[in-house]
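Here's the structure, in structure tokens; my notes come after.
The values are calculated or read from the model by the stated rules, or taken from the named source; none is laboratory data. The structure displayed is predicted, hence computed values, not measured ones. Cβ sites come from the backbone with ideal geometry, for glycine too, and all protein chains shown count toward neighbours. Ligands, DNA and RNA are stripped out before the accessible areas are found, and what is left, the full protein with its side chains, is counted by its heavy atoms. Shrake-Rupley method; radii C 1.70, N 1.55, O 1.52, S 1.80 Å.
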Amino acid sequence: MNNLEFFRRQKGLTQTQLGLKLGIHPTNITMVEREHRRAWPKLRKQIAKELGVLEELLFDANGNLKRGTKNESI
């Protein structure tokens with residue numbers, strides 16, 4: 001499980017709910033979470049803010065998802 005999925009589930013959100021909260025199609029969240037596409041910089045910031053965690057906990061500098069959860073919030 002990657003950190004995006006971990007923190008999303010911890011927040012009690014489905015992929016659809018997170019997508020709708022961010023104003024994007026839920027499929028984009030699914031594709032990012034399944035690593036079929038990288039999150040663009042603005043989306044990375046929005047996801048981190050919505051989940052209440054640091055962007056660096058979710059993504060590396062290239063937008064790839066990180067694994068290995070840590071309970072560090074903003």
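Each of MET1, GLN15, LEU51 was placed along the dipole of the chain (beta-carbon charges, centred on the mean Cα), and the one lying farthest toward the positive end is GLN15. The simple spin-label model puts a point 7 Å past each Cα toward its Cβ; for GLU50 and THR16 those points are separated by 1.4 nm. Surface composition of the chain: carbon plus sulfur atoms hold 47% of the accessible area, using a 1.4 angstrom probe and ignoring ligands, DNA and RNA.
Around the Cα centre of the chain, unit charges on the Cβ atoms of Lys, Arg, Asp and Glu (plus for the first two, minus for the last two) sum to a dipole of about 120 debye. Note: relative contact order over the chain, using C-alpha pairs below 8 Å and six or more positions apart, is 35 percent. The amide H of PHE59, built 1.01 Å from its N in the peptide plane, has LYS66 as neighbours under 5 Å, considering only residues 5 or more places off or on other chains.
Accessible area per residue for the chain is 61 Å², calculated with a 1.4 Å probe on protein heavy atoms, without ligands, DNA or RNA. Listed options for volume of the Cα convex hull per residue in Å³ are [x] 145; [y] 214; [z] 74. The value calculated from this structure is the one marked [z].
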